[in-house]
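Here the structure is laid out as structure tokens; the discussion comes afterwards.
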Amino acid sequence: MNSSTAPEVISSVSTPAGPADRSHGSGGRAARSGIRRQLPFSPWLFAAPGLLVVGVFILYPFFSTLVNAFTDRRTLVPGHFVGLANFQELLHDDMFWIGLRNSVLYMVGVVPALVILPLLLAMLVQRHIPGIAFFRAAFYTPVVASIVVVGLIWVWMLDDRGLINALLEAVGIGKVGFLSDQWLLLGSAMAVTVWKGLGYYMIIYLAALSNVPRELHEAASVDGAGAVRRFFAVTVPAVRSTMVLVAALASVSSFKVFSEVYLMAGPSGGPAGEDTTLVMLVQRVGTGLSGRVGYASAISVVVFVVTVVLMLLVLRADRREDA
């Protein structure tokens, strides 16, 4: 039933008008006609608060960033149109290429782990084992923890005088520069991202695994398939669409990583800034009284384009598998 027919239905089921109603017949018809005029706008009234939030906090910043990318705007200083000058400068900016390299490496290192490990974890906690509810809650706890708190805890643990280096020294291995070596620092940040994201994607996989018919596993077992073969022949095909979704979400979030690397490497981006990511570069270039808002906006546009391309590639790979 659409909104245009609703008033007629309401009129058809209303009680017959009494004398009092007849004396106010014109007023009643006006009220009913007033309701008819308001009904078409009712959905927009309900959606208005949400649309206002989307417009103010999403659409306006997006289009403002897009416009600023083609200007030389600075903090508190209006900009002028400079065409593609900001994008041409990017091609000759060493820090931009370092940030792009680190963001891509971060995505390559994090996404496979966040696609496979949460699936294995979900298969483990799906079992009906005494006390498994405790482990489900424990695995999900990092998700609800503040990233700042998590980052500071891991910095304390990985510091040269931290817990992990103390244990390594105790067993005779010696100190490892987790936070002073360029690549170890990036790898440590990846490990924190994976550790914090396991519980979140585990919940998604648990929902997908609940829809896999148990009869498929029983039939495969009757045919002599072991646990590994059932995993690849039954579980993976059944949750493949969920794996694609997780891959897409993890790709976008890992390419835009900021907090983990910022907390562990510091505002400078690690040794000589070699661990700077693209989003860290946006923050560094575009903030402060001398911030180059236009140039930072150009980097943001590049980040947006890359994330859109990543999403399209993942969706295209999924459709190719379905074909």
Any pair with Cβ under 6 angstrom, 6 or more apart, that starts in the stretch 190-218 at a residue that is in contact (Cβ under 8 Å) with a residue 60 or more places away in the chain and ends at one that is assigned to a loop (DSSP other than H, G, I, E, B) and open to solvent by 50 Å² or more (accessible area, probe 1.4 Å): L209/Q126
Residue tally, condition of a type outside the set (A, V, I, L, M), in contact (Cβ under 8 Å) with a residue 60 or more places away in the chain and open to solvent by less than 60 Å² (accessible area, probe 1.4 Å), over the stretch 87-105: 5
Restricting the stretch 263-279 to residues that are in contact with a helix residue (DSSP H, G or I) (Cβ under 6 Å, 6 or more places away or on another chain) and in a helix (DSSP H, G or I), the residue that is nearest to D181 (Cα to Cα): P271
Residues that are of a type in the set (K, R) and open to solvent by 100 Å² or more (accessible area, probe 1.4 Å), drawn from the stretch 36-86: R37, R74
Residues (farther than 26 Å from R319 by Cα and not in a helix (DSSP H, G or I)) located in the stretch 191-246: D223, G224, A225, G226
Number of the condition not met by F134 [criteria: (1) out of contact with any Ser or Thr (no Cβ under 9 Å at 6 or more places or on another chain); (2) surrounded by 13 or more Cβ atoms within 10 Å (Cβ to Cβ)]: (2)
Which numbered condition V108 fails, given (1) β-branched (V, I, T); (2) free of Cβ contacts under 8 Å to residues at least 24 places away in the same chain; (3) farther than 24 Å from G269 by Cβ: (3)
Subset of the stretch 44-94 [at pLDDT below 90, part of a helix (DSSP H, G or I) and either within 17 Å of S297 (Cα to Cα) or in contact with a His (Cβ under 7 Å, 6 or more places away or on another chain) (or both)]: none
Test: residue in the stretch 154-177 that is in a loop (DSSP other than H, G, I, E, B), basic (K, R) and without any contact (Cβ under 8 Å) to a residue 60 or more places away in the chain: yes
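From the set of residues in the stretch 137-154 that are open to solvent by 40 Å² or more (accessible area, probe 1.4 Å) and touching a helix residue (DSSP H, G or I) at 6+ places or on another chain (Cβ under 6 Å), which is farthest from M202 (Cα to Cα)?
So the first thing to find is which residues in the stretch 137-154 are open to solvent by 40 Å² or more (accessible area, probe 1.4 Å), and the list is 137-141, 144, 146-149, 152-154.
From what is left, the residues that are touching a helix residue (DSSP H, G or I) at 6+ places or on another chain (Cβ under 6 Å) are 139-140, 147, 154.
Values: F139: 9, Y140: 8, I147: 18, W154: 22 Å.
Looking at residues that are open to solvent by 40 Å² or more (accessible area, probe 1.4 Å) and touching a helix residue (DSSP H, G or I) at 6+ places or on another chain (Cβ under 6 Å), I get W154.
The values are calculated or read from the model by the stated rules, or taken from the named source; none is laboratory data. All values derive from a computational prediction rather than experimental measurement. Methodologically, a virtual Cβ is constructed for each residue, glycine included, from the backbone with ideal geometry; neighbour enumeration extends over all protein chains shown. All accessible areas refer to the heavy atoms of the entire protein, side chains included, with ligands and DNA or RNA removed. Shrake-Rupley method; radii C 1.70, N 1.55, O 1.52, S 1.80 Å.
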